[in-house]
Structures are given as structure tokens and as C-alpha cells.
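The block underneath contains the structure these notes are about, expressed in C-alpha cells.
Values quoted throughout were computed directly from the atomic coordinates according to the rules given, and no laboratory measurement underlies them. What you see is a predicted model; the values in this text were computed from it and never measured. Using ideal geometry, Cβ is built from the backbone for each residue, glycine included, and neighbour counts are taken over all protein chains shown.
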Amino acid sequence: AQSVTQLDSHVSVSEGTPVLLRCNYSSSYSPSLFWYVQHPNKGLQLLLKYTSAATLVKGINGFEAEFKKSETSFHLTKPSAHMSDAAEYFCVVSEETSYDKVIFGPGTSLSVIP
Amino acid sequence: ETGVTQSPTHLIKTRGQQVTLRCSSQSGHNTVSWYQQALGQGPQFIFQYYREEENGRGNFPPRFSGLQFPNYSSELNVNALELDDSALYLCASSLDVSGANVLTFGAGSRLTVL
């Protein structure tokens, strides 16, 4: 069975410092992996997607994630946090052929301190 | 291209009542999925519609039902509302049923059951 673990429910960083949001997954097959961001009172927006191409995936707004199969991890990073990055972040694992195998993690709330 | 729009944005109901939520999919998308997001949690898959048929359902009771129309818009109906149904209901459209597709989300309908 698929599952997603986001290791931190809340992360707080200072503006201009690096961001690391951790995600581990389990899947019986080669999964697709996503990070979505949810700003207050807004819908979820795709940050980036991994689908068995390059293991380092670049997304929008300077975010990137590295797929490490041996560690079953897909951690999200950004070199320098901006105030506008404060939001809820969700790691998502999905099997390509199954609608009901799109599993969202519990989310990590990112705070950025000025 | 138009995004995903949901209505109403907020609504309040009492236990036992019925509610209908509406969603217009993004142009070019033929698949709509509905998610329930309780406060502080990640979205949970309710069901998916493709070509006007239910194409899969998550762990939700039959009092959660839906429709998809020829223009690919969709409705979510919940009967006999319970307090635990209070949540943000998210609609997402995608190109087709593959789990590898990016989901485009609406801003959600926030339901409060008193």
C-alpha cells in the first residue's frame, strides 16, 4: 500500500535562509511524485513533479526536489526563503494507472520570519 | 485558459440537511476529482468522474454522490449531513484519469455543519 510521511508538521526559517521540507514515501510500483503548495484561502498549486526522468526536479519559484529511490525520499528545497513562501506544502505520491492511489501527505506548514 | 472554479465558496448547513457543491473544470480537461480536506489535514480522495461516469471512489459512504455533465463540469452532493462533514471540499480537474497527470485545483468550498 502507498503512503506518504512528511516528517515535520511545521518548519520555521528566517527570510533569506535555506528551506528543507522532508518527505518519505512507500509504493509498490514506480510512482509519480509531486509537491503542491496551498496558500491561505487558495487552492493547491503544483510546485513540481517527478515521473522517472531526471532525479533532480526543478519547480516554480526556485524550489527543487531530489528523488532518492534508495532512501524512498523526495525532499523539497529552496536556497533562499522569501516571505511569500509561507504556506502549507503537501507531498503527493501517485501510481500512474490508478485514480485512487493519489495519496496526499499530512502537510508541512512553512513560516518565514522577517 | 480558464482555471477550475468552485461554488459556493462558503456555506453553513445544519445536521441532516443536504448540500450541493459545483465545479467547472479547466478547459481541455475531461476528468474531475473531488477531495475533502479537514482542518489541519491533507486532502482525502472522495471520487473521480470521467466521461460522466464515476471512475473510482475513496473511503466515503454512499451519502456522498456526484455527477459530471457533458461539458465536464461536476457536482458533489452530500446527504444527511453530519458534524464531521465540516471541511474544505476541493475539486481538481486533469487531462485524463492517469494518476501521473497534474491536478488543477479550484479554491474550494468551505462547508460548516452545525
*Summarise the partner chain shielding of A:77-87 as one whole number: the mean count of Cβ atoms from other chains within 10 Å of each residue's Cβ.*
0
*Which value, to two decimals, describes the C-alpha radius of gyration of the stretch A:1-92 once divided by 2.2 N^0.38 Å?*
1.05
*Once the mean 1/r over all distinct Cα pairs of the protein assembly as shown is inverted, what Kirkwood radius in angstroms do you read off?*
18.0
*May I ask you to order A:72-81, A:22-31 by the average number of other C-beta atoms within 10 Å around their residues, highest value first?*
A:72-81, A:22-31
_Residue-averaged beta-carbon neighbours from other chains (10 angstrom radius) around A:43-55_ = 3
_10 Å Cβ neighbours from other chains, averaged over peptide B:91-103_ = 5
*Determine the sum of side-chain charges near B:ALA80: Lys and Arg each +1, Asp and Glu each -1, restricted to other residues whose C-beta is under 13 angstrom from that of B:ALA80.*
0
*Output the direction-averaged projected area (hull surface divided by four) of the convex hull of the alpha-carbon atoms of the stretch B:12-87, in nm².*
5.3
